[in-house]
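The values are calculated or read from the model by the stated rules, or taken from the named source; none is laboratory data. Everything numeric here is computed off the predicted structure, so don't read it as measured data. Reconstructed Cβ throughout: ideal geometry from the backbone, glycine too, with neighbour counts over all protein chains shown. For the accessible areas, the whole protein counts, side chains as well, though only heavy atoms, and no ligand, DNA or RNA atoms are used. Shrake-Rupley method; radii C 1.70, N 1.55, O 1.52, S 1.80 Å.
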Amino acid sequence: MTGAVAGPHVLLTPNLSDLLPQLRERFPQCRFSPVPDGEPVRDEWLDAEVILRSAMNEDTFDELLAKCDRLRWVQITAAGFDWVGGELMQRRLAEGLLYTRSPNSYNVPIAEYAIGAVLMRFRAFPEHREAQERREWVRITGRDFIGSTMLVFGTGGIGGEVAWRARALGVDVIGVNRSGTPAEGFDRVIPYVEHMAVLPEADSVVLAMPLTTENRYFFDAEHFAAMKESAVLVNVGRGALVVEDALVDAMRSGRIAGTVLDVFEEEPLPADHRLWDLPNTTITPHTSFRGTGNLQRLYADFCVNLERYLAGEQLAGLKRQPDLGY
């Protein structure tokens, strides 16, 4: 690209600095600057058009939003939009700031986590661990994953990756989305309004949908009552998809066989929180998205969009339904 017109100045958070050599080689017409944590905003950053944001201090981010008059696009290294907000951000969005997520960067590790979580419960790994701690030779008969039915809420990138993996292991996978629009990887997809009729069929339920104004606290006591007693629930979406009181009651009463939770309304989960002690419950600290290939997937997602930005094309990962929050 030698001789090309000078491209935009791109700021990125320091935990993404390992991408700088690749980015500079691929986009020599652009300028890339890491923004160190805890340092005052520098004048040399104020001409930035683009921010690739991961773990950036909120005050620093707000100051950049306020002072970077040429800022036109922010991409976050996350699967969802609900964690970034604030009055200043909303004003810049209203003024036309482009706001994108990384649509493919975490799909693979989250899907692997979800499949592993269900298999862990089906094959009774927690029970075997408890027997090991007691030094007891206990033979527990695991449940077959093959031939079971999985209900996946959310048929986007994460849900689709879960679906084809489960189908490859002989599972019948039903997807749930707002309209019932068919999606690749699923045996069938139903509209959200019909999900209660299908829930009793499910041996495993995976929540992989974004948190929106429509589905906050949707999974309630009625849902737990409709599930098989042998069913397993895995939440890799957002903690606020589930009514916590209903979850606690279901697990303490043995209403379903098990649950695996990776997301919570309050994070980090306080040491004295009641969820820690729930029976037949596995808790992980919002780590399903972490994987050794993440940095390169983030790089690939950003490169796709930067190519589009330079070409004046529509970016991938834009908010499709701003009124719903995704």
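Please work out which one of (1) out of contact with any helix residue (DSSP H, G or I) (no Cβ under 7 Å at 6 or more places or on another chain); (2) under 30 Å from L310 (Cβ atoms); (3) in a helix (DSSP H, G or I) is the condition V108 fails and give its number.
Status for V108: all satisfied but (1).
Among all residue pairs at least 6 apart or on different chains, which show Cβ distances below 6 Å where the first residue, located in the stretch 47-76, is farther than 24 Å from F27 by Cα and touching a residue at least 24 places away in the same chain (Cβ under 8 Å) and the second is among the hydrophobic types (A, V, I, L, M, F, W, C) and assigned to a loop (DSSP other than H, G, I, E, B)?
Listed by first residue and then by second, the contacts come to K67/L46.
So V171 fits all but one of (1) surrounded by 15 or more Cβ atoms within 10 Å (Cβ to Cβ); (2) in contact with a helix residue (DSSP H, G or I) (Cβ under 8 Å, 6 or more places away or on another chain); (3) farther than 28 Å from T213 by Cα; (4) aliphatic (A, V, I, L, M); what number is the exception?
If we test V171 against (1) surrounded by 15 or more Cβ atoms within 10 Å (Cβ to Cβ); (2) in contact with a helix residue (DSSP H, G or I) (Cβ under 8 Å, 6 or more places away or on another chain); (3) farther than 28 Å from T213 by Cα; (4) aliphatic (A, V, I, L, M), just (2) comes out false.
Exactly one condition in (1) out of contact with any Phe, Trp or Tyr (no Cβ under 9 Å at 6 or more places or on another chain); (2) not in a loop (DSSP other than H, G, I, E, B) is not met by A48; state its number.
Exception for A48: condition (2).
Considering only the stretch 233-262, state which residues are within 24 Å of the chain's Cα centre (by Cα), in contact (Cβ under 8 Å) with a residue 40 or more places away in the chain and assigned to a loop (DSSP other than H, G, I, E, B).
Passing the criteria: V236, G237, R238, D262.
Which ones in the stretch 270-290 are in a loop (DSSP other than H, G, I, E, B) and either over 20 Å from the mean Cα position of the chain (by Cα) or within 16 Å of A257 (Cα to Cα) (or both)?
Our first condition is that a residue be in a loop (DSSP other than H, G, I, E, B); within the stretch 270-290, this holds for 270-273, 278-280, 284-290.
If the condition is that a residue be in a loop (DSSP other than H, G, I, E, B) and either over 20 Å from the mean Cα position of the chain (by Cα) or within 16 Å of A257 (Cα to Cα) (or both), then P270, A271, D272, H273, L278, P279, N280 are the ones that fit.
A quick yes/no check of all residues on (1) among the basic types (K, R); (2) modelled with pLDDT under 95; (3) not in a loop (DSSP other than H, G, I, E, B):
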residue: Q22; (1), (2), (3): no, no, yes
residue: E25; (1), (2), (3): no, no, yes
residue: P28; (1), (2), (3): no, no, no
residue: G38; (1), (2), (3): no, yes, no
residue: R70; (1), (2), (3): yes, no, no
residue: A79; (1), (2), (3): no, yes, no
residue: D82; (1), (2), (3): no, yes, no
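I need the full set of residues from the stretch 179-205 which are in a loop (DSSP other than H, G, I, E, B), more than 20 Å from G258 (Cβ to Cβ) and either at pLDDT below 95 or open to solvent by less than 70 Å² (accessible area, probe 1.4 Å) (or both), in order please. Walk me through how you get there before you give the answer.
So the first thing to find is which residues in the stretch 179-205 are in a loop (DSSP other than H, G, I, E, B), and the list is 179-187, 202-203.
Imposing the further condition that a residue be more than 20 Å from G258 (Cβ to Cβ) reduces the set to 179-187.
Passing the criteria: G180, A183, G185, F186.
Pick from the stretch 209-232 the residues that are β-branched (V, I, T) and part of a loop (DSSP other than H, G, I, E, B): which of them is most open to solvent (accessible area, probe 1.4 Å)?
So in the stretch 209-232, the residues β-branched (V, I, T) come out as 212-213, 232.
Now restrict to residues that are part of a loop (DSSP other than H, G, I, E, B): 212-213.
Values: T212: 12, T213: 104 Å².
Only one residue tops the list, namely T213.
Taking L64 as the residue in question, decide whether it is assigned to a helix (DSSP H, G or I), farther than 13 Å from K319 by Cβ and touching a Pro at 6+ places or on another chain (Cβ under 8 Å).
Values: assigned to a helix (DSSP H, G or I): yes; farther than 13 Å from K319 by Cβ: yes; touching a Pro at 6+ places or on another chain (Cβ under 8 Å): no.
Criteria not met by L64.
Go through the stretch 100-156 residue by residue and tally those that are under 22 Å from E201 (Cβ atoms) and open to solvent by 60 Å² or more (accessible area, probe 1.4 Å).
5
When you scan the stretch 264-276, do you find a residue that is open to solvent by 30 Å² or more (accessible area, probe 1.4 Å), within 20 Å of Y113 (Cα to Cα) and without any contact (Cβ under 8 Å) to a residue 24 or more places away in the chain, even just one?
Yes, the stretch 264-276 has at least one match.
Just checking, does the stretch 54-64 include any residue being within 27 Å of the chain's Cα centre (by Cα), open to solvent by less than 50 Å² (accessible area, probe 1.4 Å), of a type in the set (S, T, N, Q) and closer than 24 Å to T292 by Cα?
Yes - at least one qualifying residue is present in the stretch 54-64.
Taking interchain pairs and intrachain pairs at least six residues apart, which have beta carbon atoms under 6 angstrom, with the first residue in the stretch 29-42 and over 10 Å from L11 (Cα atoms) and the second open to solvent by less than 30 Å² (accessible area, probe 1.4 Å) and at pLDDT below 95?
These pairs meet every condition: Q29/G7; C30/G7.
For the condition closer than 21 Å to R274 by Cβ and of a type outside the set (G, A, S), what is the one hit in V206, V248? Walk me through how you get there before you give the answer.
On the way: V206 fails: closer than 21 Å to R274 by Cβ.
Being closer than 21 Å to R274 by Cβ and of a type outside the set (G, A, S) holds for just one of V206, V248, which is V248.
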